[in-house]
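The structure under discussion appears below in the form of structure tokens.
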Amino acid sequence: MGAGGAGWRGGRAGERSGAGEPGAMGERARAATCRGVTVRGRTAMRRRLRERQGRGAGRGWGGLGAVPPRYMGTGSGRAPGPTKRWRLQPVRVRVRAGIPRLGLTRRSLVSFLTAPFPAGLRRWFSARAPAPKICVVGSGPAGFYTAQHILKHNDLAQVDIYEKLPVPFGLVRFGVAPDHPEVKNVINTFTQTARSDRCAYYGNVTVGRDVTVAELQQAYHAVVLSYGAEDNRVLGIPGENLRGVYSARAFVGWYNGVPENRDLKPDLSCETALILGHGNVALDIARILLSPLDFLRKTDITDSSLAALACSKVKRVWLAGRRGPLQVAFTIKELREMINLPGTQPVLNPADFTGLENAVKDAPRPRKRLTELMIKTALEKPREKAAVAQAAVPRQWGLKFQRSPQEVLPTADGMRVRGVRMALTRLEGSGDSAKAVPTGDMEELECGLVLSSIGYRSLPLDPAVPFDTQHGIIPNNSGRVMGVPGLYCSGWVKRGPVGVIITTMNDSFDTAQSVLEDLQGGVLDVSVSREGFGAVGSILRSRGIRPVSFSEWEKIDAAEVARGKAAGKPREKIVDPQEMLQLIGH
């Protein structure tokens, strides 16, 4: 208010005006800016107050100059007796050093002191409290979900996200299949997080090389490692290094635009490909190999991989696994996509599914539905017209169970793959815990392309960080790195490379909650301020490293989208980091 406020005189019979109504004090305070106004009835009064609400910034209860009115006429602090009219009366206010001195009654004084702080006051006081500075290493789903949860539940926290590539989003950008754009919509949420005034993104910074974890710990109150799994598990069998044998990670990176895989150039001149593994990644690869080109042209698959697939001669893809149909790791969505893929025919052996109808009766619903779909596909006999159509289908795919690779067989010149020797297995146990045991029988499967999809693997980041090489994870308890206070981990490097994006989200929230609990419990001492990027930026400059900001990434993003639009695609990914940096003037 300016120089005065107002009390009121009057009311309705049997009512304590404004008592028990949410925001009543705010309405009366805003009404107090009207001098000597008479209004008939509550409806008219409220309408007048609403009209003034948008114009009274800084005058009403929501502003620093606001003061609540006092009751006039009774001197008791209670509402006066019933009348038929309202009358607002001004109250003279003296202001000293910006703080009003009022003759308040006890009741109105208590209301003033116990009311919640308005947002402006909260921000004013918060600005003078120490701000926890958190560092997240890795800008994939684990990193962004961790940052998001911390920012949401701590109003003071400031989070800096470091990424070794110039571009963010990790496996959402580089791992999700190009024909699954709906899964990538989570990028919109991550973008909102990155644009927060309490969050900053620094790309083109390799932690462990450009800056050490110990240096990050000196600059931040807490450091969260969310750098994922940047390697793949190996088969460990003879012939694994022959030409024509690739890891699923490298192949996916090739068609998704991972800079380190841009020069892979896989040989697709054979007719039969063998994928080792029964997970979603294996089905993704099979689908990309067999999809009609018209489908792929509408995705963000890289231009170079699309050109290579246009010349591909692969028309048959087998997916082999050590265990049986009840242990496959892929989900029903990916299986259904393969079954319905135009121009392809599923080939499943009915003998592999004998007796499984009874075995899955009591299985969890997802496993039951998945198995029932495989059984239906294997046993269903197509009608006459459909049979004729299937006979003309140029491409096939199928699942092979209880086969374990023993050796990749070379061509006569010893240079290329010509097949894989497989050990037949039997299962000991049941369900997910069943183990594949070799029977002693062998078979050879001819193929000219082998893709190993048996899992990803995390690597140690820094000598200062404990690492379990056997399991490929950082030893931790609810995300707290064992033996290193103030150091945390989330995502695949915390639990291993398993699960989907929702699994990573829940895992990252769990780690973020540990950070929040340690902040609240005083385990993390925020009484001493930390410089955050102020200190790290100086270190990077001294080493000739120039980080990429989120606004600079958005320039790269805009360029990719523009190039894609010209080609009729969502985007055309830039796969060379140097080209990215030149684009933003680095």
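For the range 485-504: of the residues being among the hydrophobic types (A, V, I, L, M, F, W, C) and in contact (Cβ under 8 Å) with a residue 12 or more places away in the chain, which is farthest from ILE161 (Cα to Cα)?
Here the residue is VAL500.
This table checks each residue for (1) under 16 Å from LEU326 (Cβ atoms); (2) assigned to a strand (DSSP E or B); (3) at pLDDT 90 or above.
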residue	(1), (2), (3)
THR371	yes, no, yes
ALA386	no, no, no
VAL393	no, no, no
LEU399	yes, yes, yes
ALA423	no, yes, yes
GLU444	no, yes, yes
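Looking at the range 565-580, which of its residues are open to solvent by 20 Å² or more (accessible area, probe 1.4 Å) and under 21 Å from TYR162 (Cβ atoms)?
Selection gives PRO577, GLN578.
Would you pick out the residues in the range 398-415 that are open to solvent by 20 Å² or more (accessible area, probe 1.4 Å) and over 27 Å from THR344 (Cα atoms)?
GLN406, GLU407, PRO410, THR411, ALA412, ASP413, GLY414, MET415
Tally time: how many residues in the range 212-224 are within 25 Å of the chain's Cα centre (by Cα) and not in a loop (DSSP other than H, G, I, E, B)?
Of the residues in that region, 6 qualify.
Mind checking whether some residue in the range 453-473 is closer than 24 Å to LYS333 by Cα, open to solvent by less than 70 Å² (accessible area, probe 1.4 Å) and either under 18 Å from the mean Cα position of the chain (by Cα) or modelled with pLDDT of 95 or more (or both)?
The answer is yes; a qualifying residue exists.
Among the residues of the range 401-421, which ones are under 38 Å from the mean Cα position of the chain (by Cα) and assigned to a loop (DSSP other than H, G, I, E, B)?
PHE401, GLN402
Out of the residues in the range 342-367 that are part of a helix (DSSP H, G or I) and hydrophobic (A, V, I, L, M, F, W, C), which is surrounded by the most Cβ atoms within 10 Å (Cβ to Cβ)?
Restricting to residues being part of a helix (DSSP H, G or I) and hydrophobic (A, V, I, L, M, F, W, C), the top hit is PHE353.
For ALA436, state whether it is among the small types (Gly, Ala, Ser), more than 25 Å from ALA320 (Cβ to Cβ) and either in a helix (DSSP H, G or I) or open to solvent by less than 70 Å² (accessible area, probe 1.4 Å) (or both).
no
Before we move on, is LEU487 crowded, with 21+ Cβ neighbours inside 10 Å, within 21 Å of ALA229 (Cβ to Cβ) and more than 21 Å from the chain's Cα centre (by Cα)?
Against the criterion (crowded, with 21+ Cβ neighbours inside 10 Å, within 21 Å of ALA229 (Cβ to Cβ) and more than 21 Å from the chain's Cα centre (by Cα)), LEU487 does not qualify.
Would you please list the contacts, defined by Cβ atoms under 8 Å and residues six or more apart or on different chains, that run from a residue in the range 131-148 that is among the polar types (S, T, N, Q) to a residue that is part of a helix (DSSP H, G or I) and open to solvent by 10 Å² or more (accessible area, probe 1.4 Å)?
The qualifying pairs are SER139/GLY170; THR146/PHE509; GLN148/THR189; GLN148/THR193.
Would you please list the contacts, defined by Cβ atoms under 8 Å and residues six or more apart or on different chains, that run from a residue in the range 458-484 that is in contact (Cβ under 8 Å) with a residue 24 or more places away in the chain and under 19 Å from GLU230 (Cβ atoms) to a residue that is open to solvent by 30 Å² or more (accessible area, probe 1.4 Å) and of a type in the set (Lys, Arg)?
GLY472/ARG457
For residues in the range 258-303 being under 27 Å from the mean Cα position of the chain (by Cα) and free of Cβ contacts under 8 Å to residues at least 40 places away in the same chain, which is surrounded by the most Cβ atoms within 10 Å (Cβ to Cβ)?
ASN261
Taking interchain pairs and intrachain pairs at least six residues apart, which have beta carbon atoms under 8 angstrom, with the first residue in the range 539-550 and touching a residue at least 24 places away in the same chain (Cβ under 8 Å) and the second of a type in the set (Lys, Arg)?
Listed pairs, sorted by first residue: LEU540/ARG546; PHE550/ARG195.
Among (1) touching a helix residue (DSSP H, G or I) at 6+ places or on another chain (Cβ under 7 Å); (2) assigned to a helix (DSSP H, G or I); (3) of a type in the set (Ser, Thr, Tyr), there is one condition SER196 misses while meeting the rest; what is its number?
(2)
Only one of ALA512, ALA562, ALA558, ALA535 is out of contact with any strand residue (DSSP E or B) (no Cβ under 6 Å at 6 or more places or on another chain), assigned to a helix (DSSP H, G or I) and crowded, with 19+ Cβ neighbours inside 10 Å. Can you tell me which?
Details: ALA562 fails: crowded, with 19+ Cβ neighbours inside 10 Å; ALA558 fails: crowded, with 19+ Cβ neighbours inside 10 Å; ALA535 fails: crowded, with 19+ Cβ neighbours inside 10 Å.
It is ALA512.
Anything in the range 209-230 that is touching a Phe, Trp or Tyr at 6+ places or on another chain (Cβ under 7 Å) and open to solvent by 10 Å² or more (accessible area, probe 1.4 Å)? List them, or say none.
GLY228, ALA229
Can you tell me which residue among TYR201, TYR255 is modelled with pLDDT of 95 or more and either within 22 Å of ARG546 (Cβ to Cβ) or open to solvent by 10 Å² or more (accessible area, probe 1.4 Å) (or both)?
On inspection, the qualifying residue turns out to be TYR201.
Take residues that are within 27 Å of LEU516 (Cβ to Cβ), open to solvent by less than 40 Å² (accessible area, probe 1.4 Å) and at pLDDT below 80 and tell me which of the strands (runs of 3 or more DSSP E) falling wholly in the range 95-167 contain 2 or more.
Answer list for the range 95-167: none.
Just need a number here: residues in the range 517-529 that are at pLDDT below 95 and charged (D, E, K, R).
Matching residues across the range 517-529 total 1.
The values are calculated or read from the model by the stated rules, or taken from the named source; none is laboratory data. Keep in mind the model is a prediction, meaning the values are calculated, not measured. As a convention, Cβ positions derive from the backbone with ideal geometry for all residues, glycine included, and neighbour counts pool all protein chains shown. To get the accessible areas, we keep the full protein, side chains included, count just its heavy atoms, and leave off ligands, DNA and RNA. Shrake-Rupley method; radii C 1.70, N 1.55, O 1.52, S 1.80 Å.
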